[in-house]
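Here is the structure we will look at.
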Amino acid sequence: MKLQQLRYIWEVAHHDLNVSATAQSLFTSQPGISKQIRLLEDELDVEIFARSGKHLTHVTQVGEVIIEQAGEILRQVGAIKQVAQEYSNEKEGSLSIATTHTQARYALPGIIAPFRESYPDVSLHMNQGSPEQIAELAASGEVDFAIATEGLELFNDLVMMPCYRWNRAVVVPQDHPLAKVEELTLEVVAEHPIVTYVFGFTGRSKLDDAFRAADLSPNVVFTATDTDVIKTYVRLGFGVGIIAQMAHEPLIDTDLVALDASHLFEPSITHIGFRKGTFLRQYMLDFISAFAPHLDREVVQSAVAAHSRAERETLFTDVTLPVR
C-alpha cells in the first residue's frame with residue numbers, strides 16, 4: 001500500500017468518480033491512476049469502486065470506509081508537513097479560508113491587508129459559499145479555516161470559536177418614505193417589500209425569528225447571497241434592504257440611507273473554526289488573533305482541548321464580544 005494510491009482513491013471519490021478530471025487536477029495520467037487503484041484493490045482483495053465496463057459507477061460499502069480512512073491519513077501527512085515547515089521556515093506557507101461573501105467582502109479586508117504585510121510569503125486562498133459548503137470544505141481538510149455565522153450545527157466536527165457580534169441595518173434610497181420615519185419598527189418595515197439574504201446566509205434566521213415572534217409575515221420579494229446584489233436591487237426599487245450593518249459603506253453607498261435596526265433583530269455572532277487535529281502554525285494563530293483579539297494562543301489551545309461543543313462554549317460565557 002502506497003500513500004500515492006490512497007491519494008488517488010481520495011481524489012477520484014471527490015471528483016465525482018471522474019478519473020480523467022482527477023488526472024488533470026493531479027497532473028498525471030488517467031491510465032496511471034486506474035492502474036494504481038487496481039493494484040490497491042488487488043492488495044486489499046476488495047473492490048473500492050464498482051464498475052460498468054471501464055467506468056466507475058459508485059463507491060462500494062467497504063470502499064466508503066477505506067476512502068474515509070485514507071482521507072484521515074492524508075490529513076495527518078499534511079499535518080506532519082506543516083510541523084516540518086514551521087521549523088524550517090515559519091513565515092512561509094499557505095492559508096485557505098472558506099466563508100460567505102459578506103465576511104470576505106466587508107469583515108476580512110481590514111485583517112488580511114496587515115496580515116500580508118507581516119507574512120508576505122504566505123499565500124492566501126479565499127473560498128466563498130453557503131454554510132453547508134463552508135462546513136464541507138473545512139471538514140474535508142480542503143481549507144484551513146471556516147468563518148461563518150449561520151448553520152453552526154453543521155460544524156460539529158470543527159473547533160468553532162466566537163469572534164464578534166454584528167447587527168443589521170435597513171437600507172433604502174434617499175427619497176424612500178422610511179428614510180424620514182421617526183421610529184423604525186418591525187410593523188413599519190413589514191409594510192414594504194423586502195430585499196434580503198437567502199435563508200441560511202448571513203444571519204437570515206435572526207431576521208425570520210424576529211418577524212415570527214411579532215406575528216408578522218414579511219413580504220420578501222427578492223433574496224441573494226451577495227450583499228452588493230441586494231443593494232443593487234434596493235436601488236432599482238424592488239424593496240427595502242435588510243443587510244449586515246457592516247455592509248453599508250457611507251463613502252460608497254451615498255445614494256442609500258442606512259437605518260439602524262439593532263433594536264429590531266437579535267445580534268448575530270460570527271465564528272471561526274478549524275478541523276480537530278489541525279496543526280496551527282504561528283501565522284495561523286496570528287490570523288485568528290487579528291480577526292478576534294480575544295482568541296489568543298492560550299484560549300485557542302483551551303478550545304482545542306475541550307471535549308465537546310458545550311464544554312467549549314463555556315470558555316466564552318464571560319467574554320464580551322466586540323460589535324462590528
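The values are calculated or read from the model by the stated rules, or taken from the named source; none is laboratory data. None of the values given here were measured: they were computed from a predicted structure. Positions of Cβ are backbone-derived with ideal geometry, glycine not excepted, and every protein chain shown enters the neighbour counts. When the accessible area is computed, the model is the full protein with side chains, heavy atoms only, and any ligands, DNA or RNA have been set aside. Shrake-Rupley method; radii C 1.70, N 1.55, O 1.52, S 1.80 Å.
In the chain, which whole DSSP H runs stretch at least 27 Å along their own axis (Cα) and average -0.5 or higher on the Kyte-Doolittle scale?
Numbers: long enough: 61-88 (41 Å, 0.03).
Membrane-span-like by this criterion, though nothing is claimed about a membrane: 61-88.
Quick one: Kirkwood hydrodynamic radius for the stretch 199-318, alpha-carbon pairs, angstrom, one decimal?
About 17.6 Å, per the Kirkwood formula over Cα pairs.
Using amide H atoms built 1.01 Å from N in the peptide plane, name the residues 5+ places from F49, or on other chains, whose amide H lies under 5 Å from its own.
Answer set, sorted by chain and number: T60.
Indicate the gyration tensor shape class of the stretch 1-62 (rounded, prolate or oblate), computed on the Cα atoms with a ≥ b ≥ c the square roots of the eigenvalues: a/c under 1.5 is rounded; otherwise a/b larger than b/c is prolate and the rest oblate.
Since a/c reaches 1.5 but b/c is at least a/b, the shape of the stretch 1-62 is classed as oblate.
Tell me, what is the per residue accessible area of the stretch 208-324 in Å², probe radius 1.4 Å?
50 Å²
Using θ = phi - 60° and the Karplus form 6.51 cos²θ - 1.76 cosθ + 1.60, what ³J(HN,Hα) does each residue of the stretch 307-324 get, whole Hz, x for Gly and Pro?
Once θ is set to phi - 60°, the couplings for the stretch 307-324 become 8, 8, 5, 5, 5, 5, 5, 5, 5, 10, 5, 9, 8, 8, 6, x, 10, 10 Hz.
Just order 166-174, 123-131, 26-34, 314-322 by mean Cβ neighbour count inside 10 Å, highest at the front, would you?
Descending mean neighbour count gives 166-174, 123-131, 26-34, 314-322.
Over the chain, what is the relative contact order in percent, taking alpha-carbon pairs closer than 8 angstrom and at least six residues apart?
Relative CO of the chain lands at 20 percent.
How much of the accessible area of the stretch 89-133, probe 1.4 Å, is carbon plus sulfur, in whole percent?
44 percent
In nm, give the distance between the simple-model label positions of A179 and D296, each being 7 Å from the Cα along the Cα-to-Cβ direction.
According to this spin-label approximation, the distance is 4.7 nm.
At 4 °C and 1.567 mPa s, grab the translational diffusion coefficient of the chain from Stokes-Einstein with a Kirkwood Rh over Cα pairs, rounded to a whole number in µm² per second.
Taking Rh from Cα pairs, D becomes 58 µm²/s.
Under a 1.4 Å probe, what is the accessible area of the stretch 1-142 per residue, stated in Å²?
With all protein chains present, the stretch 1-142 gives 57 Å² per residue.
Give the carbon-plus-sulfur fraction of the accessible surface of the stretch 225-324 in %, rounded to a whole number; probe 1.4 Å, heavy atoms of protein chains only. Could the numbers behind the result be given before it?
On the way: 2680 of 4850 Å².
That share works out to 55 percent.
State the extension gain, in nm to one decimal, for the chain segment bounded by T314 and A79, taking 0.36 nm per residue of separation less the distance between their alpha-carbons. Numbers along the way, then the final one.
Details: separation 235, 0.36 × 235 = 84.60 nm, distance 2.81 nm.
So the extension gain works out to 81.8 nm.
For the chain, how many pairs of lysine residues have a Cα-Cα distance under 30 Å, where the two are 8 or more positions apart or belong to different chains?
For the chain, the number of qualifying lysine pairs is 13.
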